[in-house]
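Asker: Okay, handing you the structure first.
The values are calculated or read from the model by the stated rules, or taken from the named source; none is laboratory data. Every value quoted in this text rests on a predicted model; they were computed, and no experiment measured them. Methodologically, a virtual Cβ is constructed for each residue, glycine included, from the backbone with ideal geometry; neighbour enumeration extends over all protein chains shown.
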Amino acid sequence: MEKLPIAVQVYSVRDEAAADFDGTMAKLSAMGYEGVELAGLYGKSPREIRACLDKYNLQAVSAHVPLDEFLKDLDGTVKAYDEIGCRFLVIPWLDSERWYGGCGYGAFLDSIPEIAERCRQAGMQLLYHNHSFEFGKTPEGGFQLDAFYGDQRTAGLAAELDLCWVKAGGADPVEYLKKYSGRCPVVHVKDFVRENNVTLVAVGDGVLEVEAVVRQAAESAALWLVVEQDDH
């Protein structure tokens with residue numbers, strides 16, 4: 001099996017990064033992570049972020065960028081993350097009005113081609129990060145996520161499958177990695193146990209079949225694994 005590089009979603013250590021970004025990056029590098037996925041800039045300029053990551057030999061793999069940031073200033077947003085050196089920009093979440101069936105869903109779909117093309121021009125790729133709500137059913141009985149990616153307006157959009165939320169949503173993570181083979185360059189490896197609700201735990205301590213998903217991610221042409229744990 002091909003060895004995939006492992007990054008960490010900085011949201012996992014957001015309080016530490018806000019208090020001491022430099023020191024937090026130093027610790028992540030010392031732990032063995034090869035890259036980071038950003039979730040904000042923590043009051044620093046793109047140049048400062050780039051210098052810090054270079055200092056600790058961390059690659060700026062990707063960044064979670066809210067849709068409204070793209071809509072407000074597409075060129076400026078793309079330019080900032082290009083300066084940092086990100087390869088992928090990710091829409092991390094949508095409110096219900098903008099998702100399938102919502103009043104803003106069509107406008108969201110209409111915005112994707114322009115955002116994706118601007119990212120492409122800068123040498124980056126636009127991705128979408130799922131949660132569990134995307135596994136609601138369409139009137140035809142399929143998952144909404146598949147209807148979303150089947151729309152012609154998302155042809156230039158790739159996936160960042162979050163395997164915790166795939167499984168929590170009622171789908172099989174291994175099968176979804178197969179389904180989106182070649183279209184999922186970055187994979188979120190996040191684990192959970194289901195008590196009354198989904199409780200997030202360290203990777204390997206929950207229900208995710210880690211070895212199986214890592215193997216399939218490599219076979220499905222993923223380029224990076226990103227460890228994320230929202231709550232500790």
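Asker: Filter region 1-10 for residues that are modelled with pLDDT of 95 or more and either more than 16 Å from G35 (Cα to Cα) or in contact with a helix residue (DSSP H, G or I) (Cβ under 7 Å, 6 or more places away or on another chain) (or both); which is surrounded by the fewest Cβ atoms within 10 Å (Cβ to Cβ)?
Answerer: L4
Asker: Please go through region 209-232 and give me each residue that is in a loop (DSSP other than H, G, I, E, B) and out of contact with any helix residue (DSSP H, G or I) (no Cβ under 6 Å at 6 or more places or on another chain), ordered by number.
Answerer: Across region 209-232, the qualifying residues are E209, A221, A222, L223, D230, D231, H232.
Asker: So how many residues does region 88-129 have that are of a type outside the set (A, V, I, L, M), within 16 Å of the chain's Cα centre (by Cα) and assigned to a loop (DSSP other than H, G, I, E, B)?
Answerer: Total satisfying the criteria: 2.
Asker: If G141 meets every condition in (1) touching a Phe, Trp or Tyr at 6+ places or on another chain (Cβ under 7 Å); (2) under 19 Å from G169 (Cα atoms); (3) not hydrophobic (A, V, I, L, M, F, W, C) apart from one, which number is that one?
Answerer: Condition (1) is where G141 drops out.
Asker: Out of all the residues in region 181-200, which are of a type in the set (A, V, I, L, M) and either surrounded by 21 or more Cβ atoms within 10 Å (Cβ to Cβ) or more than 17 Å from the chain's Cα centre (by Cα) (or both)?
Answerer: V186, V187, V189, V193, V198
Asker: Let me ask another. Those residues that are in contact with a strand residue (DSSP E or B) (Cβ under 8 Å, 6 or more places away or on another chain) and of a type in the set (S, T, Y), I need them from region 89-143; list them, please.
Answerer: Hits for region 89-143 are Y128, S132.
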